[in-house]
2 protein chains.
Amino acid sequence: MTVRSRIATGVAAIAFCAIATPVLAGPAEDKLIAQLLDEGLNRSDAMEIASELMDRIGPRLTNSENHRKAEDWAAAKFAAFGLKNIHREPFEFGLGWNLKSYSATMTSPRTLPLTVLPVAWSPATGGPITAPVIVAPMSKVENFDAWKGKLAGKIVLVSLPGETSESKDPVFERLSGEDMGKLDKYTLPRHDPEGLAMQVARRGFARKLSEFLKAEGALAMVKMTYRDGKLVHGEGYDFIPGQTLAVPTMDMAQEDYRRLVRLAKTGAAPQLSLSIDASFDDKDLMADNVIAEIPGTDPKAGYVMAGAHFDSWIAGDGASDNGAGSVAVIEAARLLSKMGVKPKRTIRFALWSGEEQGLLGSKAYIEQHLATRPVDPSLKGIDSYAAWRNAYPITPKPEYSQLKAYFNMDNGSGKFRGIYAEGNVGAAPLLREWLSPFNSLGADRVVMSKTGGTDHVYLQAIGLPGYQFIQDPLDYESRVHHSSLDTLDHMRADDMRQASVILAGMLLQAAMSDKELPRSPLPTQPDATDPFKVQDPNQ
Amino acid sequence: MTVRSRIATGVAAIAFCAIATPVLAGPAEDKLIAQLLDEGLNRSDAMEIASELMDRIGPRLTNSENHRKAEDWAAAKFAAFGLKNIHREPFEFGLGWNLKSYSATMTSPRTLPLTVLPVAWSPATGGPITAPVIVAPMSKVENFDAWKGKLAGKIVLVSLPGETSESKDPVFERLSGEDMGKLDKYTLPRHDPEGLAMQVARRGFARKLSEFLKAEGALAMVKMTYRDGKLVHGEGYDFIPGQTLAVPTMDMAQEDYRRLVRLAKTGAAPQLSLSIDASFDDKDLMADNVIAEIPGTDPKAGYVMAGAHFDSWIAGDGASDNGAGSVAVIEAARLLSKMGVKPKRTIRFALWSGEEQGLLGSKAYIEQHLATRPVDPSLKGIDSYAAWRNAYPITPKPEYSQLKAYFNMDNGSGKFRGIYAEGNVGAAPLLREWLSPFNSLGADRVVMSKTGGTDHVYLQAIGLPGYQFIQDPLDYESRVHHSSLDTLDHMRADDMRQASVILAGMLLQAAMSDKELPRSPLPTQPDATDPFKVQDPNQ
């Protein structure tokens, strides 16, 4: 009853705002939505699931022991909920890497523990390294010459310390109506092949730098992290066998890094003692996506899917990125299974791996199930990321026509405020209809903006209906994303149960509907390039 | 020339705003101000001094080895600048405490380093303590009974985990004109003896709790820190011999503390390994203020003084609290000495100790130089804090009439925007006059508000002219104050040179002026109490 009146209120609000034209579902579906809201809002398991994953298992670097432990846990969860066809889908990735412990202390001019995190896939130190620092900022290969002959026996601080920040933005945010209005814009297509190439080249630089340091006899590399407030991040992209970083590498908090720079400038070089106890694992170079299903009643009706990447970085517990999305997928599966839904279409749940290293898990799924693109098979890891996006022709597989809708969650743990139509104007009315039962929960916008950076991107890139939700920002971008603060404390229980319910509701309607989301045309060439763009030859 | 035009601009701005009635000083003083601005803004040493103090020496807990090292450094600085009568003034304090190292790791259900800081004057652990946690929130003695017999062999988590924060405020702030307008209010006197007594009682609770834990056979006490974002604080008030905490005590980051609470609630108690390597020092129970002077030319004209507390907590490097104030005092001394000023009145510079434990250094200075109050001499440390404020009669000493002005800096490292007249309406015109040369540097307000919590308070309490400045907040209150972020990175070079110059300028004018700041009447009884206040018998 409470639930019915919430929906009614939502409808009234929409009529007033003239934002949407709700098309109410039939009585059977209406009853299922009411049941879902009751189950998911009154008896949510989202935060218990989240605590098992984040607090008890912790961060899940792709192909680490912890990621495999989490896969076992997720498969067991799906089984306990009664899902079917639970399995892993392996894909070629690279080395596993398991971090056991680490530390960094300044030992001179005074003793001080420093806030650091090893960079993922850094070599171990083999016990403590104690040595003086040298401040040698290098951001491109052309900088190397200036430091030749000066780095032997040193711990090298390779970042330019720069200026401290004076951000006037609030740490924690929820979207206003005005904020959401700004998201509703159709973005003209723009192809930026140089930009993508530069991004890949930048990521390759760390390895070149580490090889230069090793050749010079340096002992370790220290980077300054990119947020202040004693946060550390530790992203690393060098996980292909034979292509890992050449020297132990750490990310250091800005406050600690800049103190070392100032001390080095005004007196004898400070001494550090660093240690990283970590091990590579080359026994299994495959990473795994985890898949589970609620089977559909009509084998010819195709399937709908929800997905979230399950892997995380090593900072924090991988809570908002992307434990939150994973929990919503798992809780949605629990809710729909508990409700005993018998959807026309199969509902598939996917927990992707390798997202942080270039959407590698969802790309592998596409290659295995949906379509192939002619990419040089010698390109591995991050190098395959940009290449795949720009390879033509796209060759659909038989399953291409079967995937009717994909909903992704990976914008932190804030509640859903609406959905991005990704520039597909024709899809907006149906997205609006499916969202309408949840308008009164705060999710009432369908906006045209395109979004990037997560696992719906490669689906969109081949014309498939992959969508994600507008979410309240909370403190995700300001301090949590990829940082040591990415713990359960920065998730919100109310937001998580709302998101889980809406994700389940969108899946349910997409699986039951007589209608299908219109697809974009299969792309045959890159998006429009700017014919008047003059390339900077110095870039 | 640039300097002259800056002043002219400032004057024009004031005339336009009708905020102040500037009374320009005579040509001689005007020239000195121009010289001060040139020296202090173009050739500031503030940040080099700050780096020596914060980066190289580090935090300065009252009566610690590091505080003594900093005293030696400050005395040497004053000597190098050519100041006179450089000396320490010892006062009765309590135990020294020196922290060598510490660590905290969760060892079960998984291995995870935790962000902690020992509470100042905590006993050492004597090697690692490894034990399960118990979550036993206690905030008053009445809570103890519920936990009797349950704490033996445990690491006790004594804080209620509470809710996570959702602050909408920006981290970093500068004051707008509107903000400053709100500070300009005359506060009606209000005496709150119960409030003060409760504050003292609350601080005493940690020791009672630790004694209960020890009697129960608990191994250590862990408190949750009061800000999120993985900040830690570690304030401690139990430094009197025979009255220190009974068990090793740590402050733990909210994110780590709440994770332990959730794990304890959903499974076997997590195990921690804690260690604190620290030592008490009872060889010298006296702490020291450091004093230096630029002698005046007229021995009968009295003296003016600038002061800042030199002691800090152990979190961070004691930069904004109160390295900043200390640096401004030292840089002001350097500037005035380098300019070769010959002031009529002596200019005294004071670096107080023991401020963080109850304004103990400045109180001692008052007792030694200015006035006494009849306080029970058995009250030590924090217990003497509230007692001293409320003891009557006040008996002035001969030097009472000699102190003509005191300027304190202890509101972080933000630039000066004006000065608080502390409710002394009669003093405002002269403060406004002395501030007028600096109006164009952003310091243009004289406001009526009273301020508290630092070393001018006890001077104001006995009717003496102790003032402090309105400062831009920066990120001081939001995250830096008493936290692990209190490092040099959160100070701003431009702000520090502005503040140092204005502090020097105020001192100079106060030392040269023919006028004196009017004093408040010598108090003979507490401020007005509210005759209609009904005390809550349950408090």
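The values are calculated or read from the model by the stated rules, or taken from the named source; none is laboratory data. The model shown is predicted, which means the values in this text are computed figures rather than measured ones. As a convention, Cβ positions derive from the backbone with ideal geometry for all residues, glycine included, and neighbour counts pool all protein chains shown. All accessible areas refer to the heavy atoms of the entire protein, side chains included, with ligands and DNA or RNA removed. Shrake-Rupley method; radii C 1.70, N 1.55, O 1.52, S 1.80 Å.
State, in square angstrom and to the nearest 100, the accessible area buried between chains A and B, both chains counted, probe radius 1.4 Å.
Approximately 3600 Å² gets buried when A meets B.
Treating only the Cβ atoms of Lys and Arg (+1) and Asp and Glu (-1) as charged, compute the dipole magnitude of the protein assembly as shown about its Cα centre; round to the nearest 20 debye.
Dipole about the Cα centre, nearest 20: 60 debye.
For the protein assembly as shown, what is the calculated [θ] at 222 nm in deg cm²/dmol (nearest 500), taking -39500 (n - 2.57) for each run of four or more DSSP H residues and dividing by its residue count? Let's see the in-between values first.
Details: 26 runs with 328 residues, N = 1078.
Taking each H run of at least 4 residues, the total per residue is -9500 deg cm²/dmol.
Based on DSSP, what percent of beta bridges with both residues in chain A are antiparallel, to the nearest 5?
Here the antiparallel bridges make up roughly 60 percent for chain A.
Just to confirm a number: summing +1 for Lys and Arg and -1 for Asp and Glu over residues other than B:ALA371 whose beta-carbon lies under 10 angstrom from that of B:ALA371, what do you get?
Net of charged neighbours comes to 0.
Give the residue from A:ILE129, A:LEU112, A:GLY96 lying farthest towards the positive end of the charge dipole for the range A:86-187; charges sit on Cβ (+1 for Lys and Arg, -1 for Asp and Glu) and the dipole is referred to the Cα centre.
A:ILE129
Quantify how strongly other chains surround peptide A:60-68 by giving the mean number of their Cβ atoms within 10 Å of each of its Cβ atoms.
0
Looking only at the range B:322-356, which residues have a backbone nitrogen under 18 Å from a spot 7 Å from the Cα of B:THR297 in the C-beta direction?
Under 18 Å, as judged by backbone N against the label point of B:THR297, lie B:336-348 of the range B:322-356.
Modelling each spin label as a point 7 Å along the Cα-to-Cβ direction, I'd like the A:ASN42/A:LYS208 distance in nm, to one decimal.
6.2
Can you give the local net charge around B:ALA120? Use residues other than it whose beta-carbon is closer than 12 angstrom to its beta-carbon, Lys and Arg +1, Asp and Glu -1.
Working: positive: B:ARG60; negative: B:GLU235, B:ASP238, B:ASP251, B:ASP311, B:GLU356.
Combined, the nearby Lys, Arg, Asp and Glu give -4.
Once the Cβ-Cβ distance between B:GLU367 and A:ALA268 is put in as r, and R0 is 41 Å, what FRET efficiency do you end up with, to the nearest 0.05?
The computed FRET efficiency comes out at 0.45.
Using 7 Å Cα-to-Cβ label points, what is the B:LEU183/A:ALA528 separation (nm, one decimal)?
Each label point lies 7 Å from its Cα, and together they span 5.4 nm.
At what distance in angstrom do the alpha carbon centres of the range A:320-352 and the range A:92-143 lie from each other?
Computed from Cα coordinates, the inter-centre distance equals 39 Å.
On average over all directions, what projected area in square nanometres does chain B have, based on the convex hull of its Cα atoms? Could you put the intermediate results ahead of the total?
Values: hull surface 102.6 nm².
Result: a mean projected hull area of 25.6 nm².
If you line up the long axis of helix A:254-266 against the longest principal axis of chain A, both from Cα atoms, how many degrees apart are they, to the nearest 10?
Tilt relative to chain A: about 20 degrees.
List, in the order given, every pair from A:LYS154/B:LYS230; A:LYS100/B:LYS223; A:LYS31/A:LYS344; A:LYS300/A:LYS404; A:LYS380/A:LYS404; B:LYS380/B:LYS450 whose Cα-Cα distance in the structure shown is over 20 Å.
Values: A:LYS154/B:LYS230 30 Å; A:LYS100/B:LYS223 27 Å; A:LYS31/A:LYS344 16 Å; A:LYS300/A:LYS404 12 Å; A:LYS380/A:LYS404 30 Å; B:LYS380/B:LYS450 27 Å.
Table pairs above 20 Å Cα-Cα are A:LYS154/B:LYS230; A:LYS100/B:LYS223; A:LYS380/A:LYS404; B:LYS380/B:LYS450.
Where does the longest stretch of chain A lie that holds no chymotrypsin sites (Phe, Trp or Tyr not before Pro) found in a DSSP loop with 16 or fewer other Cβ atoms within 10 Å?
Maximal segment without exposed cleavage sites: A:227-531.
Between rounded, prolate and oblate, where does the range A:156-295 land on the alpha carbon gyration tensor, with a ≥ b ≥ c its root eigenvalues, rounded for a/c under 1.5, else prolate if a/b exceeds b/c?
oblate
Using the Cα centre as the reference, give the magnitude of the dipole from point charges on the C-beta atoms of the range A:218-377 (Lys, Arg: +1; Asp, Glu: -1; all else neutral), rounded to the nearest 20 debye.
Here the range A:218-377 has a charge dipole of around 580 debye.
Multiplying the sequence separation of B:GLU163 and B:SER279 by 0.36 nm and subtracting their Cα-Cα distance, what value in nm do you get?
Residue separation times 0.36 nm, minus the Cα-Cα distance, leaves 38.2 nm.
Shape of the range B:443-529 from its Cα gyration tensor (a ≥ b ≥ c, root eigenvalues): rounded if a/c is under 1.5, otherwise prolate when a/b > b/c, or oblate?
It comes out oblate by the Cα gyration axes.
Would you kindly state how much longer the chain becomes between B:SER520 and B:THR111 on full extension, computed as 0.36 nm times their sequence separation minus their alpha carbon distance, in nm to one decimal?
Working: separation 409, 0.36 × 409 = 147.24 nm, distance 6.06 nm.
Taking B:SER520 through B:THR111 to full extension adds about 141.2 nm, to one decimal.
Does the range A:372-500 come out rounded, prolate or oblate by the C-alpha gyration tensor, with a ≥ b ≥ c the root eigenvalues, rounded set by a/c under 1.5 and, if not, prolate when a/b is larger than b/c and oblate if not?
Judged from the Cα gyration tensor, the range A:372-500 comes out oblate (a/c at least 1.5, b/c at or above a/b).
What FRET efficiency do you get for B:SER101 and A:ALA76 if R0 is 35 Å and r is their Cβ-Cβ distance, rounded to the nearest 0.05?
Working from the Cβ atoms, E equals 0.25.
Just to make sure I understand: if all protein chains stay in place, what is the order of B:ARG88, B:ARG334 by accessible area at 1.4 Å, largest first? Don't skip to the answer; put the middle values down first.
On the way: B:ARG88 95, B:ARG334 20 Å².
Result, largest first: B:ARG88, B:ARG334.
Normalised by the number of residues in chain B, what is the relative contact order in percent for Cα pairs under 8 Å and 6+ residues apart? Don't jump to the answer; show the numbers that get you there.
Details: 1170 pairs, mean separation 124.0, N = 539.
Normalised by residue count, the contact order of chain B is 23 percent.
Just read off the accessible area of B:VAL375 with the full protein assembly in place, 1.4 Å probe, to the nearest 10 Å².
My reading of the accessible area for B:VAL375 is about 40 Å².
Take chain A, mark every one of the GluC sites (Glu not before Pro) that falls in a DSSP loop and has at most 15 other Cβ within 10 Å, then report the longest stretch left between them, sites excluded.
A:167-539
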